[in-house]
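The structure under discussion appears below in the form of structure tokens.
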Amino acid sequence: MSTPSLSDLPIRRLTRGDLHACADLSEDRGWPREEHKWGLLLSAGTGYGIDDPAGGLVGACVVTEYGPGRRPELGAIGMVLVAERHARQGVGRRLMQYVVGQAGPTPLTLHATPNGRPLYEELGFKVTGRAEMVRGRFTADGHSDSVATRPATAEDLSAILRLDAEVFGPDRTHVLTRLPAFADQLRVAEKGGELIGYAAAWPNMDTHVVGPLIARDTETAKALVASLAAGTDRPLRTDIDVRHEELLAWVKERGLEGVAFNAVMTYGTPELPGDWTRRFAPLTVAAG
């Protein structure tokens, strides 16, 4: 019996039942397995994959849509992976073309590595920004923060959602309501009884990833990062919009180091919606 060609293998929706196969695919490409993150993405977003007749997945990606269910206002593409044994055979291009076709008129965004960027540019994605990944053990400076922070409670959820809608733009309630279970820490910043920022730290292998990080200003962002760092003994990792130069310089002064740059790309829109001045870091680059 002949083996079907890669181009004949169907693209199907992935479910949480595919979590281990997705983690295997990550590992195959030298990425961490990241099962915790895959679980969130497959629950809150839509996964697409191609089954390998020999077992496992040929390739996969996830799209997380934001806005009203029937009329999403933005789709974030992430975790675009092709098994090493099937690399450089057009699988990634086929997956991306399929995802763009499924999105229809919905604008799309993604964070591109230098290796992935040429393909995305060929498909019509434009570079609209950059983010720097930083990682390391945070060292506190010993000064008390001028902005008060505290652990978030269930009563804070409506205020978090209101602030996030102002800053991010499209509604992402279906993702943010999963944060209390997904993250090890969720903290808010307040001033005069008003919620002016929030941030989470979630476990990813041996680190805690800081994201999302939404704050009224840089001082608020610093206070949230410092408070999250105080609550963990793991190294921190986050992806900061490079326009936030002061925050980037500050975290590097306190022990984090630049690891890589990703290009923020969009399709069908000249720029991301919302207010970038208050959007410091995404939940994860895979979900925007």
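The values are calculated or read from the model by the stated rules, or taken from the named source; none is laboratory data. This one's a predicted model, so the numbers in the text were calculated from it and none came from an experiment. Quick reminder, even Gly has a Cβ in these numbers, built from the backbone with ideal geometry, and neighbours come from all protein chains shown. We work out accessible area using only protein heavy atoms, side chains counted, and drop any ligands, DNA or RNA first. Shrake-Rupley method; radii C 1.70, N 1.55, O 1.52, S 1.80 Å.
In the stretch 48-73, which residue that is buried (at least 16 other Cβ atoms within 10 Å of the Cβ) and hydrophobic (A, V, I, L, M, F, W, C) is farthest from residue 15 (Cα to Cα)?
Across the stretch 48-73, the extreme among qualifying residues is 58.
I'm checking my understanding of the structure. Among residues of the stretch 197-219 that are over 14 Å from the mean Cα position of the chain (by Cα) and crowded, with 24+ Cβ neighbours inside 10 Å, which one is nearest to residue 233 (Cα to Cα)?
Within the stretch 197-219, the match that is nearest to residue 233 (Cα to Cα) is 198.
For every residue, the table says whether it meets (1) at pLDDT 95 or above; (2) not aliphatic (A, V, I, L, M).
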site: 29; (1), (2): no, yes
site: 42; (1), (2): yes, no
site: 50; (1), (2): yes, no
site: 61; (1), (2): yes, yes
site: 121; (1), (2): yes, yes
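Condition test on residue 171, is it in contact with a helix residue (DSSP H, G or I) (Cβ under 8 Å, 6 or more places away or on another chain) and modelled with pLDDT under 95?
For residue 171, the condition - in contact with a helix residue (DSSP H, G or I) (Cβ under 8 Å, 6 or more places away or on another chain) and modelled with pLDDT under 95 - is not met.
Give me the pairs: first residue in the stretch 268-288 and modelled with pLDDT of 95 or more and polar (S, T, N, Q), second residue surrounded by fewer than 24 Cβ atoms within 10 Å (Cβ to Cβ) and assigned to a loop (DSSP other than H, G, I, E, B), beta-carbon distance under 7 Å, and six or more apart or on different chains, which are they?
Between residues of the stretch 268-288 that are modelled with pLDDT of 95 or more and polar (S, T, N, Q) and residues that are surrounded by fewer than 24 Cβ atoms within 10 Å (Cβ to Cβ) and assigned to a loop (DSSP other than H, G, I, E, B), the close pairs are 269/107.
Could you list all residues from the stretch 64-91 that are among the polar types (S, T, N, Q) and not in a strand (DSSP E or B)?
Answer for the stretch 64-91, where residues must be among the polar types (S, T, N, Q) and not in a strand (DSSP E or B): just 89.
Are there any pairs with C-beta distances below 7 angstrom linking a residue in the stretch 103-123 that is assigned to a strand (DSSP E or B) to a residue that is surrounded by fewer than 18 Cβ atoms within 10 Å (Cβ to Cβ), with the two at least 6 apart or on different chains, and if so which?
Taking only residues 6 or more apart or on different chains, the pairs are 108/268.
Starting from the stretch 71-98, keep only residues that are within 15 Å of residue 6 (Cβ to Cβ), then list their pairs with residues that are among the hydroxyl-bearing types (Ser, Thr, Tyr) whose Cβ atoms are within a distance under 8 Å, requiring at least 6 positions of separation or different chains.
81/26; 90/7; 94/7; 95/48; 96/120; 98/48
For every residue, the table says whether it meets (1) open to solvent by less than 30 Å² (accessible area, probe 1.4 Å); (2) over 14 Å from residue 263 (Cα atoms).
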residue: 91; (1), (2): yes, yes
residue: 111; (1), (2): no, no
residue: 121; (1), (2): no, no
residue: 125; (1), (2): yes, no
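I'm checking my understanding of the structure. Among residues of the stretch 151-170 that are touching a residue at least 60 places away in the same chain (Cβ under 8 Å) and out of contact with any Leu (no Cβ under 8 Å at 6 or more places or on another chain), which one is farthest from residue 213 (Cα to Cα)?
Selected residue: 166.
Please list, ordered by first then second residue, the pairs with beta carbon atoms under 8 Å, 6 or more apart or interchain, first in the stretch 220-249 and more than 13 Å from residue 202 (Cα to Cα) and of a type in the set (D, E, K, R), second open to solvent by 30 Å² or more (accessible area, probe 1.4 Å) and part of a strand (DSSP E or B).
239/111; 239/133; 241/130; 241/279
So how many residues does the stretch 263-288 have that are in a strand (DSSP E or B) and open to solvent by 20 Å² or more (accessible area, probe 1.4 Å)?
Going through the stretch 263-288 one residue at a time, the tally reaches 2.
Kindly indicate whether any position in the stretch 154-164 is outside any helix (DSSP H, G or I) and in contact with a strand residue (DSSP E or B) (Cβ under 7 Å, 6 or more places away or on another chain).
The answer is no; no qualifying residue exists.
Within the stretch 235-260, work out how many residues are charged (D, E, K, R) and closer than 18 Å to residue 283 by Cβ.
The total comes to 3.
For the condition of a type in the set (S, T, N, Q), open to solvent by less than 20 Å² (accessible area, probe 1.4 Å), out of contact with any Lys or Arg (no Cβ under 6 Å at 6 or more places or on another chain) and modelled with pLDDT of 95 or more, what is the one hit in 232, 238?
The match here is 238.
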